1. Could you please tell me the mean projected area of the C-alpha convex hull for segment B:1-80, averaged over all directions and given in square nanometres to one decimal?
2. How far, in nm, would the chain grow between A:ASP142 and A:HIS206 when pulled straight, counting 0.36 nm per residue and subtracting the alpha carbon separation?
3. Sequence gap at least 6, Cα distance under 8 Å: using those rules, report the relative contact order of segment B:159-271 to the nearest whole percent.
4. Any idea what the dipole of chain A comes to, in debye rounded to 20, about its Cα centre with Lys/Arg Cβ at +1 and Asp/Glu Cβ at -1?
5. Compute the projected area of the convex hull of the Cα atoms of segment B:2-271, averaged over all viewing directions, and report it in nm² to one decimal place.
6. Given A:PRO99, B:PRO9, A:SER182, which one lies farthest toward the positive end of the charge dipole of the protein assembly as shown, if we put +1 on the Cβ of every Lys and Arg and -1 on the Cβ of every Asp and Glu?
7. Which percent, nearest 5, of DSSP beta bridges in segment A:147-257 are antiparallel?
8. Which angle from 0 to 90°, rounded to the nearest 10, does the C-alpha axis of helix A:180-197 make with the longest principal axis of chain A?
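Every number in this text was worked out from the coordinates using simple rules, so none of it is lab data. Quick caveat, the model's predicted, so the values are computed rather than measured. No Cβ is skipped: glycine too gets one built from the backbone with ideal geometry, and neighbour counts run over all protein chains shown.
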Amino acid sequence: MRNLDPLRVHEDSVLDLQGVAVHLGGRAVLQGIDLSLRPGEFVGVIGPNGAGKTTLLKIILGLLRPDEGTVLVAGRDVRAARSLVGYVPQSFAPDPDLPLRARDLVALGLDGARWGFSLGGQRRRAKVEEALGWVDALRYADQPVGRLSGGELQRLLVAQALISDPRIVLLDEPLANLDLRSQGDVVALVGRVAHERGVTVVLVTHDMNPLLSVMDRILYLARGQAALGTVDEVVRGDVLTQLYGHHVDVVRVHGRILVVGGADAESLTCNTCDS
Amino acid sequence: MGLWQALFPAGLFTASFMQNAWLAGTAVAVLSSLVGFFVVLRGATFAAHAVPRASFAGAAGAVLAGGDTVLGLAIFSALSALGMASLGSRRDQGQTTALVLMAALGLGSLFLTLGGAYAPEVYALLFGQIVGIGRADVFAILGLLLLALIATALLYRPLLWSSVAPDVAEAKGVPRRRMEILFLLLVALAATAAVPIVGALLSFSLMVGPAAAAAYFGRSPGQALAVAVLIGILSIWFSLVFAYDTGLPVGFFVAAVTAVFYGLGRLWAYLWKIERGGGQVPA
């Protein structure tokens, strides 16, 4: 990968990937990934379909062992550091009659992986209440999750990920099924809560534009390779042309950024346009 | 007074076979609705339908071999559960469930034919019976219940999480596949206990009916689980009384009573909606 980050090896980095490569079915899904994320920074992960975004998340979650390289979360092996990584999944569409209230869902984020059942308890209740407050979800704390809107569910998933006090939280396409306004709301909320709590955010999305105002750095993935840096450093014609392996233009219109495949590409693509 | 005596005739509580039926029936109801709670949460009703039916082949095989039918049930329900879990694809769990079920039913029909079909005990296993439950059966069923209670108490939170939000649970260290296997083994446990009493064809209603109805009454997982167990117990008690009064099969009453509870649940959800001014009827 292109070494755009002067702090590549950082003393107190939250996430460290060194020489990570993954091969699936004889194809290199990721190769030569080196990156180091700082505490509290907001990183957007952008890239076309098949660029390796999901694979990267699986590696950080410890669900997939890379074929080469090392992955450290707060200096520890990922499998020993699971409690330090929060996760917001791509899709969550509960049945309308699921007997689960908003507060029950958030509580699972606190101790759902432990054996046995919880007898409640004052401290647990207070912690859940506090997490619901972070995402302004107290209003519907006792509603069944199956009756909530996509935006309301998204907030609960963020609270569920943050309640265990992780150092880093991964969000897999959280904006995919939301309208433009809800997208802005979710991004602002994640940015604010993570900033307040000093949590590093890794947010995967197709469109970088909703993130431009909150993102500290961007991780651009294409063809299994990555470029990490500020938007101005990475989202440039020359950098992305090398990453994609064919000519790419970066167009800025009304404060929005569009990445457009050039005439020599097999087809004209527009990765970051939204309809 | 006449109605009272017609409903609760002499011997309903005192006949020794009825005492066995009360004990075993109550234990089976608790076990079935406990497991059924997770069946409904996971939307795994087809598996809950298939395991008891597949286990029937084990009973038929036991009859043929002259062995213990409950042991046959246990072996076949566990094998079919493991088969469904290990062959299952994420895209269509129904396919493998159906294939395992068909393989088991095929074996069952083979065993029945070889063993000289229409043995009364086989008929009882299909539709259930209460008269033939001995003390040994009661203890066996209580043992199964105890095992299931310990297992669900231990697995409660991870299984709940893996059932409602499998992606997050897996990311946080609750392995999806292992939970699926453990869940299906719980279904096998419930099937082994329920089939001799309610029957292979109808034990599904005791597993899914109370839990499905409870989802409308309870708002939190704990509430829904408690209501499911309560409805399960009431269902089997009503059914035992009606079956004793009329001499009709207990499985029929279990199916009918749980269906009534489910209908009440839907009605409750509907009225709740109207009460709160929402125009939408629950789907």
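1. Working: hull surface 31.1 nm².
Computing the convex hull of the Cα atoms and averaging its projections yields 7.8 nm².
2. Numbers: separation 64, 0.36 × 64 = 23.04 nm, distance 3.32 nm.
The A:ASP142-A:HIS206 span can extend by a further 19.7 nm.
3. Values: 104 pairs, mean separation 28.4, N = 113.
Rounded, it is 25 percent for segment B:159-271.
4. It works out to roughly 680 debye.
5. Working: hull surface 59.6 nm².
Seen from a random direction, the Cα hull of segment B:2-271 projects 14.9 nm² on average.
6. Farthest towards the positive end: B:PRO9.
7. Values: 7 of 12 bridges.
Among the beta bridges of segment A:147-257, antiparallel pairing accounts for roughly 60 percent.
8. With both axes taken from Cα atoms, the answer is about 70 degrees.
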